[in-house]
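Below is one structure, written out as structure tokens; comments come after it.
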Amino acid sequence: MELKCAVQTYAWGMIGSSSAVARLAASGKHVVHVDEETPYAELWMGCHPNGPSRLAKTEQLLSEYIEKHPQVLGEQVEKTFGEKDLPFLLKVLSVNKALSIQVHPDKAAAEKLHASRPDLYKDPNHKPEMAVALTPFSALCGFRPLSEIQDCLQSEHHLRISSHWDQREMQEVFLSCLKPPYPSPTFMPFSWLPELGSVIGEVENEASLERVFRTLMTQEENVISSILTAIQERIQAASPEERIQLRGDLFKELSLEFPGDIGILSSYFLNHILLQPGEALFLGANVPHAYLKGDCVECMACSDNVVRAGLTPKFKDVDTLLSMLDYTFSSVDGCRFIPSHDPSTEGLLYSPPVQDFCVRSFVVSPGSACNVNLPFFFYLPEASDQTTMMCSVCESPFCMKGIPSGSILLVIEGKGCTDSQKSLGPGKAFFLPAGTDLVIQSIDESPLRIISTAANISF
């Protein structure tokens, strides 16, 4: 069943046809035309009330169709989730300006937040999510390794602010230490904030990181402004090598987008990661993150719960975010999610540690064959040593084997058709009932690249 899906024009989206969302929405007939001055941020595929999909042929809401025909979800999905609704939401994102520093609550926290503040937290569900890059995609994700945070914050012992100094003495020392020379190449001036002086050397574990991060995130705006000014001067005086260490380009970009925002400082505590096409992040409950730039496919539990604390003009619920955060240290490599082989498509399976969703990606090559060894599904270079195989089920057109969950398919690139004569092209989205085999044939010179999502009931 072909779907007509919702497009979100948030301010942070890429403008006009530079947005992958806009291009896919136009070619998939989700919008009539693309306005070259409008930001196209997200394409939603699913049943969430903030952007519900409809059946293209009848305009019926997909949620209404599923409610009347719950068997299309699959028996195991109904038993697992107990609702006549899709447990997942699939999106395409085109990020031109940083999204907020944010976390998503676990199920228990989501229920409490929804009960107490339904105006802000509009549903009681958790929101684990996964982002799979379509183009080079940058993000902040999880707290940096302990050694990196210590290098960034730690000052020389003889310069550390004493906790018994009065406010005037601390202020004088603070102001004097905002100027060079600095004690180390990676030293950041915000470690001289008087309220941080007595604890900055204590970042030795998650508990001490929580104390320091909370102290920083609850400062007054004028204090944050002074620190940001000092960091800017520090970066301007840095050598090219030091500028890289100090994340000078990221600081400049965030400062232009959100001048004076506390989220700029919090970015120094988080991993800065660049995903290549096909690489993925999984973001469990309470993991701090912010998407910065690029296009991705995002899949999540069916929720829109976001707790924000920076890099946003929206409401910042700092106290709630600080109480929820997962303060575990992680590395950039530790943030990447590694897919596995998917027997239903002979492609890749991104199977996170939750039951709400998983993501599949696969490629159907010209000549109705499937390139099972292609590593990623978007902007892939041709490789002569990659094996081309025919489908093991039907021995000619590629066959996507039925799975025990209703699923949504999205064509990213290429042209093709199905055995039911449905045309396939970029932006075309379909709902596939549980247990349905789908025969696909490429009719273009370039590969047909498809992603799908379903409940992860095998987890």
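The values are calculated or read from the model by the stated rules, or taken from the named source; none is laboratory data. The structure presented is a predicted model; accordingly, all values stated were derived computationally and were not measured. Here Cβ is always computed from backbone atoms with ideal geometry, including for glycine, and neighbour counts include all displayed protein chains.
Sort out which residues of segment 336-350 are among the hydroxyl-bearing types (S, T, Y) and modelled with pLDDT under 95, and write them in order of number.
Initial filter on segment 336-350 (among the hydroxyl-bearing types (S, T, Y)): 340, 344-345, 350.
Listed by number, the residues that qualify are S340, S344, T345.
Taking segment 86-104 as the search range and keeping residues that are of a type outside the set (A, V, I, L, M, F, W, C) and in contact with a helix residue (DSSP H, G or I) (Cβ under 6 Å, 6 or more places away or on another chain), which one is nearest to F258 (Cα to Cα)? Don't jump to the end; show me each part of the working.
Our first condition is that a residue be of a type outside the set (A, V, I, L, M, F, W, C); within segment 86-104, this holds for 87, 91, 94, 96-97, 100, 102, 104.
Subsequent filtering for residues that are in contact with a helix residue (DSSP H, G or I) (Cβ under 6 Å, 6 or more places away or on another chain) retains 87, 94, 97.
Details: P87: 34, S94: 19, K97: 10 Å.
For segment 86-104, the residue satisfying everything is K97.
One line per residue, one yes/no per condition, for (1) in a helix (DSSP H, G or I); (2) of a type in the set (D, E, K, R):
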position	(1), (2)
G263	yes, no
S267	yes, no
E298	no, yes
L321	yes, no
S344	no, no
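Could you list, in sequence order, all residues of segment 300-319 that are over 23 Å from P49 (Cα atoms) and part of a strand (DSSP E or B)?
A309, G310, listed by residue number.
When segment 298-321 is examined, which residues are found to be over 17 Å from A108 (Cβ atoms) and in contact with a Leu (Cβ under 6 Å, 6 or more places away or on another chain)?
Those that are over 17 Å from A108 (Cβ atoms) and in contact with a Leu (Cβ under 6 Å, 6 or more places away or on another chain): E298, C299, M300, C302, A309.
Of V132, V72, which residue is in contact with a Cys (Cβ under 9 Å, 6 or more places away or on another chain) and either closer than 30 Å to M217 by Cα or at pLDDT 95 or above (or both)? Show your work before the answer.
On the way: V72 fails: in contact with a Cys (Cβ under 9 Å, 6 or more places away or on another chain).
After applying the criteria, what remains is V132.
Tell me whether segment 311-323 contains one or more residues that are under 16 Å from the mean Cα position of the chain (by Cα) and surrounded by 21 or more Cβ atoms within 10 Å (Cβ to Cβ).
Yes, segment 311-323 has at least one match.
On the basis of being in the same structural domain as K314 (by TED's automatic domain parsing), buried (at least 22 other Cβ atoms within 10 Å of the Cβ), of a type in the set (G, A, S) and at pLDDT 95 or above, does S63 make the cut? Before you say what the answer is, go through the steps one by one.
On the way: in the same structural domain as K314 (by TED's automatic domain parsing): yes; buried (at least 22 other Cβ atoms within 10 Å of the Cβ): no; of a type in the set (G, A, S): yes; at pLDDT 95 or above: yes.
Answer is no for this residue.
Looking at the structure I just gave you, is K68 over 20 Å from T135 (Cα atoms), free of Cβ contacts under 8 Å to residues at least 24 places away in the same chain and basic (K, R)?
yes
Scan segment 1-52 for residues that are closer than 30 Å to H69 by Cβ and assigned to a strand (DSSP E or B) and jot them down.
E2, L3, K4, A6, V7, Q8, E42, L43, W44, M45
Looking for whichever is of a type in the set (G, A, S), assigned to a strand (DSSP E or B) and touching a residue at least 24 places away in the same chain (Cβ under 8 Å) here; the options are A285, A290. Which one fits?
A290
Each row is one residue, and each column tells you yes or no for (1) among the hydrophobic types (A, V, I, L, M, F, W, C); (2) part of a helix (DSSP H, G or I); (3) touching a Pro at 6+ places or on another chain (Cβ under 9 Å).
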site	(1), (2), (3)
T58	no, no, no
Y65	no, yes, no
V72	yes, yes, yes
V77	yes, yes, yes
K97	no, no, yes
T135	no, no, yes
E148	no, yes, no
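Answer with yes or no whether I457 is part of a strand (DSSP E or B) and either buried (at least 19 other Cβ atoms within 10 Å of the Cβ) or of a type in the set (A, V, I, L, M, F, W, C) (or both).
no
Among all residue pairs at least 6 apart or on different chains, which show Cβ distances below 8 Å where the first residue, located in segment 431-459, is within 13 Å of C399 (Cα to Cα) and the second is of a type in the set (A, V, I, L, M) and loosely packed, with under 15 Cβ neighbours inside 10 Å?
Listed pairs, sorted by first residue: D437/V393.
State which residue is nearest to the chain's Cα centre (by Cα) when the search covers only segment 210-251 and only residues that are closer than 30 Å to T320 by Cβ and among the basic types (K, R).
Out of the qualifying residues, it is R247.
Just give me the residues in segment 120-133 being surrounded by fewer than 21 Cβ atoms within 10 Å (Cβ to Cβ) and either of a type in the set (K, R) or part of a strand (DSSP E or B) (or both), in sequence order.
K122
Of (1) crowded, with 23+ Cβ neighbours inside 10 Å; (2) at pLDDT 90 or above, G416 satisfies all except one. Which?
Of (1) crowded, with 23+ Cβ neighbours inside 10 Å; (2) at pLDDT 90 or above, only one is false for G416: (2).
Can you find a residue in segment 212-220 that is in a helix (DSSP H, G or I), more than 30 Å from A110 (Cβ to Cβ) and among the polar types (S, T, N, Q)?
No, that holds for no residue.
Is segment 438-451 home to any residue that is β-branched (V, I, T) and within 27 Å of the chain's Cα centre (by Cα)?
Yes, because at least one residue in segment 438-451 is β-branched (V, I, T) and within 27 Å of the chain's Cα centre (by Cα).
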